[in-house]
Amino acid sequence: MRLSVDFRTALGLGEFPPMDEFVFEVDVETDSSDDEVQRVKLLADERCPAIWAMKNSVPYTTKATKA
């Protein structure tokens with residue numbers, strides 16, 4: 001997985017997109033055909049909760065507690 005994160009906005013240094021593209025790379029050792037590997041990859045993409053969360057609005061809550 002690759003992801004570049006830009007903290008300049010979080011640090012108050014301007015307005016910049018905080019992230020670029022997520023890149024998930026998997027090396028597969030198999031005797032299956034390339035087409036079969038791609039079919040399994042598509043199924044994994046469809047079922048992956050992380051990809052779902054990136055495509056859909058996910059409710060969130062933040063909390064701060066004094067220690």
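The values are calculated or read from the model by the stated rules, or taken from the named source; none is laboratory data. None of these values were measured; they are calculated from a predicted model. Cβ atoms come from the backbone with ideal geometry, glycine included; neighbour counts cover every protein chain shown. Protein only, heavy atoms only, side chains kept; ligands, DNA and RNA dropped before computing areas. Shrake-Rupley method; radii C 1.70, N 1.55, O 1.52, S 1.80 Å.
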- Task: Considering each residue of the range 34-67, count those that are over 21 Å from Glu21 (Cβ atoms), in a helix (DSSP H, G or I) and open to solvent by 100 Å² or more (accessible area, probe 1.4 Å), and give that number.
- Result: 3
- Cross-chain or 6+ apart pairs with Cβ under 6 Å, the range 1-13 first and part of a loop (DSSP other than H, G, I, E, B), then of a type in the set (A, V, I, L, M, F, W, C): Met1/Phe24; Leu3/Phe22; Asp6/Phe16; Arg8/Phe16; Thr9/Phe16
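Identify the residue in the range 9-25 that is open to solvent by less than 100 Å² (accessible area, probe 1.4 Å) and out of contact with any strand residue (DSSP E or B) (no Cβ under 9 Å at 6 or more places or on another chain) and, among all such residues, is nearest to Ala53 (Cα to Cα). First the steps, then the outcome.
The initial filter retains those residues of the range 9-25 that are open to solvent by less than 100 Å² (accessible area, probe 1.4 Å), namely 9-10, 12, 14, 16-18, 20, 22-23.
Still in the list and also out of contact with any strand residue (DSSP E or B) (no Cβ under 9 Å at 6 or more places or on another chain): 9-10, 12, 14, 16-17.
Values: Thr9: 23, Ala10: 22, Gly12: 27, Gly14: 27, Phe16: 22, Pro17: 18 Å.
Among residues in the range 9-25 that are open to solvent by less than 100 Å² (accessible area, probe 1.4 Å) and out of contact with any strand residue (DSSP E or B) (no Cβ under 9 Å at 6 or more places or on another chain), the one nearest to Ala53 (Cα to Cα) is Pro17.
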